[in-house]
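First, the structure itself, so that you have it in front of you.
Since every read-out is calculated from the coordinates, none of them should be taken as a lab result. Owing to the predicted nature of the structure, the values given are computational and were not obtained by experimental measurement. Cβ placement follows ideal geometry from the backbone for every residue including glycine, while neighbour counts extend to all protein chains displayed.
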Amino acid sequence: MKDQITIEGRDGAFAAYIARPKAVPAPAVVVLQELFGVNADIRKHCDELAEQGYIALAPDLYWRQEPGVDLNVTSQADWDHGLRLYSAYDRDAGVRDIKDTIDAAHSLPECSGKVALLGYCLGALMVFMTAVRNDGIDAAVWYHGADTDKYLGEIDGLHAPILMHVAEEDEFISKAAQAEIKAALATKPNATVYSYPGQSHAFSRHNGAHYNAAAAHLANGRTSEFLHQQLQRDSR
């Protein structure tokens, strides 16, 4: 079942797309958008998570700037629009919004009590920032989060188990930044980092220019197993 709910955040109310599984109670996964907003790709990720037995919520991270952004990854005009929003996005405020979404997920009557974060690009950066600044996150999944290296100084705050997918030919994350991320995460026993040789940014994006079916299948399979282990296995 797919729907939209309103998150009553500390800074104001904003919308979130929600996809619910057939069987409840269930763990929740908060899915964080790329620079394109809560678009068809993000909604499809939520729907796939619901099929796997999770409540999936995708909050509108751009609600302060332009509520309801839904951009097409094949349109240059939409790319330019999304990049402008990305550049102006208030990341610190975004962390508060995401924490409010986590709290809202916990309060859902159909939630079993465990909540994970999963994000792509901008959303992956926000996964990392939220996880290092907040406790009570049961798992975190990061796909190609540019600028994460700028926040590695906060890594001592990371307590949640985290899974990271690094595309070795990512045009938005330099080789040096990738090395910094890997070195920092190697100090955390709860972190797992996978590299994907020959893959470019957003290799797992549905219908994206760099989509690679084999690499996406491998990364998404690892994510599925990680989420199952962290959210479902211990509760059964």
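Among the residues of the range 31-59, which ones are among the small types (Gly, Ala, Ser) and either surrounded by fewer than 15 Cβ atoms within 10 Å (Cβ to Cβ) or assigned to a strand (DSSP E or B) (or both)? Spell out the reasoning first.
Kept after step one, since they are among the small types (Gly, Ala, Ser), are these residues of the range 31-59: 37, 40, 50, 53, 56, 58.
Result: GLY37, ALA40, ALA56, ALA58.
Here's a check for you: in the range 69-104, which residue that is under 21 Å from ARG205 (Cβ atoms) and hydrophobic (A, V, I, L, M, F, W, C) is surrounded by the most Cβ atoms within 10 Å (Cβ to Cβ)? Break it down into steps so the answer makes sense when it comes.
Start the filter on the range 69-104 by keeping residues that are under 21 Å from ARG205 (Cβ atoms), which leaves 69-87, 89, 94, 98.
Adding the requirement that they be hydrophobic (A, V, I, L, M, F, W, C) leaves 69, 71, 73, 77, 79, 83, 85, 98.
Working: VAL69: 20, LEU71: 23, VAL73: 19, ALA77: 9, TRP79: 15, LEU83: 12, LEU85: 18, ILE98: 27.
It comes out as ILE98.
Can you tell me which residue in the range 198-217 is nearest to the chain's Cα centre (by Cα), limited to those that are over 18 Å from ASN39 (Cβ atoms) and surrounded by fewer than 17 Cβ atoms within 10 Å (Cβ to Cβ)? Reasoning before the result, please.
Of the residues in the range 198-217, the ones over 18 Å from ASN39 (Cβ atoms) are 198-200, 212-215, 217.
Filter once more, so that each one left must be surrounded by fewer than 17 Cβ atoms within 10 Å (Cβ to Cβ): 198, 213-214, 217.
Details: GLY198: 22, ALA213: 20, ALA214: 21, HIS217: 17 Å.
Applying the filter and picking the extreme gives HIS217.
Follow-up question, since we're still on this one. Considering only residues that are without any contact (Cβ under 8 Å) to a residue 40 or more places away in the chain and more than 25 Å from GLY9 (Cβ to Cβ), which ones fall in the range 49-61?
Matches in the range 49-61: GLU51 only.
Which residue is surrounded by the fewest Cβ atoms within 10 Å (Cβ to Cβ), if the candidates are limited to the range 145-172 and must be in contact with a Ser or Thr (Cβ under 8 Å, 6 or more places away or on another chain) and among the hydrophobic types (A, V, I, L, M, F, W, C)?
Result: ILE155.
Follow-up question, since we're still on this one. Among (1) over 16 Å from the mean Cα position of the chain (by Cα); (2) in a loop (DSSP other than H, G, I, E, B), which single condition is TYR62 missing?
(1)
Can you say whether TYR62 is more than 25 Å from GLY157 (Cβ to Cβ), touching a strand residue (DSSP E or B) at 6+ places or on another chain (Cβ under 7 Å) and not acidic (Asp, Glu), as far as the supplied structure shows?
On the way: more than 25 Å from GLY157 (Cβ to Cβ): yes; touching a strand residue (DSSP E or B) at 6+ places or on another chain (Cβ under 7 Å): yes; not acidic (Asp, Glu): yes.
Criteria met by TYR62.
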